[in-house]
Amino acid sequence: MDKLDIQKIRQDFPILNQYVNDEPLVYLDNAATTQKPNQVLACLNDYYHQDNANVHRGVHTLAERATREYEAAREKLRAFIKAKSSKEVLFTRGTTTGLNWVARFAEEVLQPGDEVLISIMEHHSNIIPWQEACRKTGAKLVYAYLKDGQLDMLDFESKINDKTKFVSLAHVSNVLGSVNPVKEAAALAHQHGAYMVVDGAQSAPHMSIDVQNLDCDFYALSGHKMLGPTGIGVLYGKEEILNQMSPVEFGGEMIDFVYEQEASWKELPWKFEAGTPNIAGAIALGAAVDYLENLGMDTIHAYEQDLVRYVLPKLQAIDGLQIYGSQDPSKHSAVIAFNLDGLHPHDVATALDYEGVAVRAGHHCAQPLINHLGISSAARASFYIYNTKEDCDKLIEAIIKAKEFFNGTLKIR
């Protein structure tokens, strides 16, 4: 692979150059949100200082510049996920919004007795909208379960049938770190006439995405998990399906013409983008895509997998530490959830924070999975392109210190 200059990359992230509890910050909560490089921060600043105007509505210079930059960002996202047309790229608030929009469409499609198939590892954003859609329509929500910390494809295949109208899966689990075979799932879904929906929140930042190759009908992502600002994301949908969908929000910008008693909508993608959009966020997300593409998504993925191969065996060697998901580094993304015997994850996370190591603790918005695993919560370390093997070592050192503090001398098996 092309070698990344990690120290040079880290210089682009000023937030990393600080101390937490008198220790250098080691930020390992990237599955929750990533830090922003100077290039993205500068983009936000430049927009508000130089180009702040509403899009699509004005003919003055600032409005034209803002519109040009906003639509250029849409084209960058189209190329990033390899969609066929920019008409298929809808700007949203994030993955949650995108999945809710799809579930709203499902309410127009589902009938009593129909089924929606998801997995037990889904984020709440890919569970609750489907619960609501099924509750409103009389459809049934069906779960596929796990085998060896990954999606059990035999179970999945046994539960998809001609009653299945939607299949919705996380591309990468935000707890287990497993990569789901969404292309294979899409083929099975389409054999039964079902729509395939992909939660790409944890995959778009870390690997090359080709929605046409995956043949998914919908794919949702969040900008803040891929170096972009909060409050901006993308919902991809196949053009022919988006043309069938009703808008979710109504108002200015998304209309073609308004009469006293009815209205008509603009063409794609604008019929879904009512009101003033997050213009600065979209443009800055485009800058984040530029940054990632400059590094190369395949290179990023290979670097992260190298970190996993380095740190996972070190974690596995700690006595009393339970890792969730596959124990095989080749089947594990850069998300590692774990627990220490006898310690609450919040205590572990607090102890790590004393050492300057930021991890997440809790149910990770995946309570059905957490319950299925027979635990109440877990700690989670998640890595990105600015993390180093030294960060991995600091994580191991901090866990050992926490174990010694709470339980006495640690034994390494």
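Taking the criterion of being within 21 Å of the chain's Cα centre (by Cα) and among the hydrophobic types (A, V, I, L, M, F, W, C), the residues of region 27-48 that qualify are Leu28, Ala31, Ala32, Val40, Leu41. Within region 354-413, track down each residue that is in contact with a Leu (Cβ under 9 Å, 6 or more places away or on another chain), free of Cβ contacts under 8 Å to residues at least 24 places away in the same chain and either surrounded by fewer than 17 Cβ atoms within 10 Å (Cβ to Cβ) or part of a helix (DSSP H, G or I) (or both). Within region 354-413, just Glu404 meets the criteria.
All of (1) surrounded by fewer than 23 Cβ atoms within 10 Å (Cβ to Cβ); (2) out of contact with any His (no Cβ under 6 Å at 6 or more places or on another chain); (3) farther than 18 Å from Met245 by Cβ hold for Thr67 with one exception: (2).
Only one of the listed residues (Leu268, Leu315) is surrounded by fewer than 23 Cβ atoms within 10 Å (Cβ to Cβ) and at pLDDT below 95. That residue is Leu268.
Taking the residues in region 193-207 that are farther than 17 Å from His123 by Cβ and of a type outside the set (A, V, I, L, M) as candidates, determine which candidate is surrounded by the most Cβ atoms within 10 Å (Cβ to Cβ). Restricting to residues being farther than 17 Å from His123 by Cβ and of a type outside the set (A, V, I, L, M), the top hit is Tyr195. Do we have Leu90 as in the same structural domain as Phe156 (by TED's automatic domain parsing), assigned to a strand (DSSP E or B) and either within 30 Å of Gly374 (Cα to Cα) or modelled with pLDDT of 95 or more (or both) here? Here the answer is yes, as Leu90 does meet what is asked.
Restricting Ser203, Ser178 to those that are of a type in the set (S, T, N, Q), in the same structural domain as Phe105 (by TED's automatic domain parsing), touching a residue at least 12 places away in the same chain (Cβ under 8 Å) and within 15 Å of Ser119 (Cα to Cα) reduces the list to Ser178.
The values are calculated or read from the model by the stated rules, or taken from the named source; none is laboratory data. Being a predicted model, the structure only gives us computed values, none of them experimental. No Cβ is skipped: glycine too gets one built from the backbone with ideal geometry, and neighbour counts run over all protein chains shown.
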